[in-house]
Amino acid sequence: MKSVQLTVCMLPLLMMVGCAEYEGDPRFGEAVRNNIALQSVTPPAQVSVAPIALDGATTKATMDNYIYSYLHPQSLASSLAVGMGASAAGAGPTAAPVTTPTGSY
């Protein structure tokens, strides 16, 4: 019974000690704050970056080849057989087609 009374009396005192103001070293945590500041600084933006420009014919050919690669995907077997010795006829990589002036394949 006496230990319960002692615990009840000591509990508020311990809680008040936990709320005491810390008066330790004012530089406590300075290294962590310094490292965070060093890692969060963003580099200055580049002043002048020339845009990448292509002429119309090159851009159209690039887009046509991109679209053709999805319409006619290369078989997986030909890419796996590279450097594996003899391969079947016609299993080599295919080249992108040359488009007609009308843009058809």
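The values are calculated or read from the model by the stated rules, or taken from the named source; none is laboratory data. Every value quoted in this text rests on a predicted model; they were computed, and no experiment measured them. The protein model used for the area step is the full one, side chains on, heavy atoms only, and it has no ligands, DNA or RNA in it. Shrake-Rupley method; radii C 1.70, N 1.55, O 1.52, S 1.80 Å.
Report yes if some residue within region 45-56 is at pLDDT 80 or above and on the phi < 0 side of the Ramachandran plot; otherwise report no.
yes
Tally the residues that are in a loop (DSSP other than H, G, I, E, B), open to solvent by less than 100 Å² (accessible area, probe 1.4 Å) and at pLDDT 60 or above, restricting the search to region 75-92.
Result for region 75-92: 3.
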